[in-house]
Amino acid sequence: MKFAIIVFPGSNRDEDARHVATHVLGQSAELVYHKDADLHGADAVILPGGFSYGDYLRTGAIARFSPVMGAVRAFAERGGPVVGICNGFQILIEAGLLPGALLRNRDLKFVCEFVHLRVEQTDTPFTRLAQPGQVLRMPVAHGEGNFFAEPDVLRSLEANRQVIFRYTDAAGRATDAANPNGSVHAIAGICNAARNVVGLMPHPEDACEAALGSTDGRVLFESIVATVAAGAAARPRPAVVTAATPRV
């Protein structure tokens with residue numbers, strides 16, 4: 001399969017994502033730049049972390065207007081799998097592809113540490129190989145990861161099972177101490193109503209090799225590879241036309 005990894009001015013986890021796609025998973029990946037208007041035949045899209053456009057105005061606010069986001073939106077509307085990681089999550093919210101907002105961390109400090117998150121739902125392209133309630137260990141690195149939504153939006157997210165990841169302790173308990181940024185309902189990641197667009201603040205691409213301290217992030221990328229493979233297998237194959245055997 002082929003990943004499109006979107007690169008904005010200020011992206012800094014794009015090469016991490018490409019490394020995972022190519023060297024860890026053995027798949028194809030192409031860096032697609034912000035001025036491009038085509039995803040070059042990608043099967044899945046990654047919006048990586050970083051500080052797109054220097055976080056001017058607010059995180060993701062300028063990146064949403066990049067030409068490439070038109071292609072990302074069209075891809076998502078066709079049901080294509082899209083994941084936004086950290087700044088990518090912020091961009092998806094600014095672009096209206098995911099609900100809510102990401103505010104300054106509650107202590108107003110940049111947080112960079114390993115956290116635990118519990119898998120709440122497994123019926124998305126990025127969690128299909130995970131187990132319900134599975135606790136993953138991944139790093140976070142952000143200053144604006146405090147997820148917020150109005151009460152009616154929160155009720156809808158919870159009722160429609162759109163909360164995909166929740167901050168917990170190592171035992172899977174959603175405690176205040178385990179919440180690194182003050183996110184409401186300890187939300188670490190959500191999906192859209194169609195379930196093909198996922199955003200999360202932790203960095204799975206930096207938790208795919210033992211040398212980095214965790215391999216728990218691999219399940220997200222292996223899930224999308226399995227999803228794309230299953231979709232390809234389900235598509236009808238074109239009929240094979242052979243030349244008629246001449247009669248004698």
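Some values worked out for this structure:
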read-out: Total residues in segment 140-160, condition within 22 Å of H203 (Cα to Cα), surrounded by fewer than 19 Cβ atoms within 10 Å (Cβ to Cβ) and either acidic (D, E) or in contact with a helix residue (DSSP H, G or I) (Cβ under 6 Å, 6 or more places away or on another chain) (or both); value: 1
read-out: Those residues of segment 202-235 which are over 19 Å from S28 (Cα atoms) and not charged (D, E, K, R), in sequence order; value: P202, H203, A207, A210, A211, L212, G213, S214, T215, A234
read-out: Members of segment 197-219 found to be more than 11 Å from the chain's Cα centre (by Cα), in a strand (DSSP E or B) and under 18 Å from G145 (Cβ atoms), listed by number; value: none
read-out: Residue match in segment 194-201 (condition: buried (at least 21 other Cβ atoms within 10 Å of the Cβ), in contact with a Gly (Cβ under 6 Å, 6 or more places away or on another chain), within 16 Å of F114 (Cα to Cα) and not basic (K, R)); value: yes
read-out: Single residue of segment 211-228 satisfying the filter (in contact with a Lys or Arg (Cβ under 8 Å, 6 or more places away or on another chain) and surrounded by 19 or more Cβ atoms within 10 Å (Cβ to Cβ)) that is farthest from F3 (Cα to Cα); value: D216
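Per-residue answers, yes or no, for (1) more than 12 Å from the chain's Cα centre (by Cα); (2) assigned to a helix (DSSP H, G or I); (3) over 27 Å from G143 (Cα atoms):
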| residue | (1), (2), (3) |
| --- | --- |
| K35 | yes, no, no |
| H40 | yes, no, yes |
| Y53 | yes, yes, no |
| R73 | yes, yes, no |
| G79 | yes, no, yes |
| G88 | no, yes, no |
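The numbers here are math on the coordinates, done by the rules we state, and not lab data. None of the values given here were measured: they were computed from a predicted structure. All Cβ positions, glycine included, derive from the backbone under ideal geometry; neighbour counts span all protein chains shown.
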